[in-house]
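Below is one structure, written out as structure tokens; the observations come after it.
The values are calculated or read from the model by the stated rules, or taken from the named source; none is laboratory data. These numbers come from a predicted model, not from an experiment. Neighbour counts run over all protein chains shown; Cβ positions are idealised from the backbone, glycine included. Heads up: the accessible areas ignore ligands, DNA and RNA and are worked out on the full protein's heavy atoms, side chains in. Shrake-Rupley method; radii C 1.70, N 1.55, O 1.52, S 1.80 Å.
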Amino acid sequence: MNKDLVILGIESSCDDTSAAVLRGSKVLSNIIANQSIHSKYGGVVPELASRAHQQNIIPVVDTAIKEANIKKSDINLIAYTKGPGLLGSLLVGSSFAKSLSLGLDIPLVSVNHMKAHILAHFIDQENHKKPTFPFLCLTVSGGHTQIVIIRDYDDMEVIGTTLDDAAGEAFDKSAKVLGLKYPGGPLIDKYAKEGNIHAFTFGKPKIKDLDFSFSGLKTSILNKINSSLMSDPEFIDKNLNDLCASIQHSIVTILLDKVKKAINQTNIKNIAIAGGVSANSYLRQELQTLAKKEYLNIYIPKFEYCTDNAAMIAIAGKYEYLNNKITNYSESASARLSF
Ligand code: KG4
Ligand code: ZN
């Protein structure tokens, strides 16, 4: 394994423009430009996201190279997000990555964003042990909710997925009902810290196997809030912390119930979490409690590698490259890329 491979990662699948430089598995820089423009619309507006990526991509890559204290000519490999994501956003990152690879005359690898969330566990991180194969990963983001068996860096199988909304959407849509800004997940997490998880109960999905559903929960929350607002217009303000704690408890319980089921079915006791929702403090806390009870080895990434970032794209690119999966310039971005 080439420890000194210098990799530039580029991520532009949704509303964050990110570039990172890795030397081997060590992060030299990881720059993220968030797009605040979407918060007033209550969700990501695809057209505005592509335009913001166009504005951000060169300054972000430039800053990543400067912060890594390297020269452009030191880069050996470029990795970019091929999908899944918003097509217009993906096209900005992929076109830029292709042009730079051609200009620098270095190889290019395309990366699956969801695999990259998982492979973020293999970035060198202080006080973080890397998972041993096989492990299960609960991958929870704004667009996806999956339970994956990882047998090797390039051998992954999705054994459970959401039938409707993703876990991140469940957080964001609930937050919107409460009048909180997008993205609502981190705000629910914050207010929930002061609330009672048992203050309100919401409908539980009855979905077979290892699949998830969050649409019923959303309806249940909406009904509760609408009916309560009729008798008390200040219901949300008076109960915000308890509502956030109860909603968060419902979402995390749905997630962990399926993780327990997956552990029983596969007998795999190495459990990781990945994706934006894995930044949730209650999910992390409850997973730790479960780990103690069930003697699990758990792997929780650092916050900065949970939400979208290019360091995870670079590490995933490293493994693609070591598997000789060099990308052809005619390969195109794919909004619905599967595993
Ligand atoms: O992985 P990510 O950054 O982007 C996608 O690939 O979708 O995930 C974004 C999602 C959003 O839905 C956001 O609300 C959620 O992750 N999120 C959280 C927290 N931090 C981010 N949800 C709950 N608690 C958090 N602390
Ligand atoms: Zn993501």
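Residue-by-condition table, conditions (1) away from ligand 2 (no atom under 12 Å from the Cβ); (2) over 19 Å from Ile207 (Cβ atoms); (3) in contact with a helix residue (DSSP H, G or I) (Cβ under 8 Å, 6 or more places away or on another chain); (4) open to solvent by 10 Å² or more (accessible area, probe 1.4 Å):
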residue: Lys129; (1), (2), (3), (4): yes, yes, no, yes
residue: Cys137; (1), (2), (3), (4): yes, yes, yes, no
residue: Gln146; (1), (2), (3), (4): no, no, yes, yes
residue: Tyr153; (1), (2), (3), (4): yes, yes, yes, yes
residue: Thr161; (1), (2), (3), (4): yes, no, no, yes
Review point. Restricted to segment 110-143, and to residues that are under 15 Å from Glu11 (Cβ atoms) and in a loop (DSSP other than H, G, I, E, B), which residue is farthest from ligand 1 (Cβ to nearest atom)?
Key: Ile123
Exercise for review: Identify all residues within segment 191-224 that are under 15 Å from Leu163 (Cβ atoms), of a type in the set (Val, Ile, Thr) and not in a helix (DSSP H, G or I); write none if there are none.
Suggested key: Ile207
Exercise for review: Please work out which one of (1) modelled with pLDDT under 95; (2) open to solvent by less than 20 Å² (accessible area, probe 1.4 Å); (3) farther than 27 Å from Lys173 by Cα is the condition Ser332 fails and give its number.
Suggested key: (2)
**Study point:** Residue identified as modelled with pLDDT under 95, more than 14 Å from ligand 1 (Cβ to nearest atom), in contact with a strand residue (DSSP E or B) (Cβ under 9 Å, 6 or more places away or on another chain) and open to solvent by 70 Å² or more (accessible area, probe 1.4 Å) among Lys3, Lys40
**Key:** Lys3
Study note, to complete from the structure: The number of residues in segment 174-190 that are open to solvent by less than 70 Å² (accessible area, probe 1.4 Å), of a type outside the set (Asp, Glu), in a helix (DSSP H, G or I) and within 11 Å of ligand 1 (Cβ to nearest atom) is 5
Exercise for review: From (1) assigned to a strand (DSSP E or B); (2) away from ligand 1 (no atom under 16 Å from the Cβ); (3) buried (at least 21 other Cβ atoms within 10 Å of the Cβ), pick out the condition that doesn't hold for Ala64.
Suggested key: (1)
**Study point:** Residue that is farthest from Asp189 (Cα to Cα) [pool: residues in segment 257-283 that are open to solvent by 30 Å² or more (accessible area, probe 1.4 Å) and either within 12 Å of ligand 1 (Cβ to nearest atom) or acidic (Asp, Glu) (or both)]
**Key:** Asp257
Practice item. Look at Asn34 and say whether it is open to solvent by 60 Å² or more (accessible area, probe 1.4 Å) and in contact with a strand residue (DSSP E or B) (Cβ under 9 Å, 6 or more places away or on another chain). Key: yes
Review point. Does Ala170 fit the bill of being within 15 Å of ligand 2 (Cβ to nearest atom), under 18 Å from the mean Cα position of the chain (by Cα) and among the small types (Gly, Ala, Ser)?
Key: no
**Study point:** segment 85-106 residues that are modelled with pLDDT of 95 or more and among the β-branched types (Val, Ile, Thr), paired with ones that are part of a helix (DSSP H, G or I) and open to solvent by 50 Å² or more (accessible area, probe 1.4 Å) (beta carbon under 7 Å, 6 or more apart)
**Key:** Val92/Gln54
Review point. Got at least one residue in segment 110-117 being under 30 Å from Glu234 (Cβ atoms) and within 12 Å of ligand 2 (Cβ to nearest atom)?
Key: no
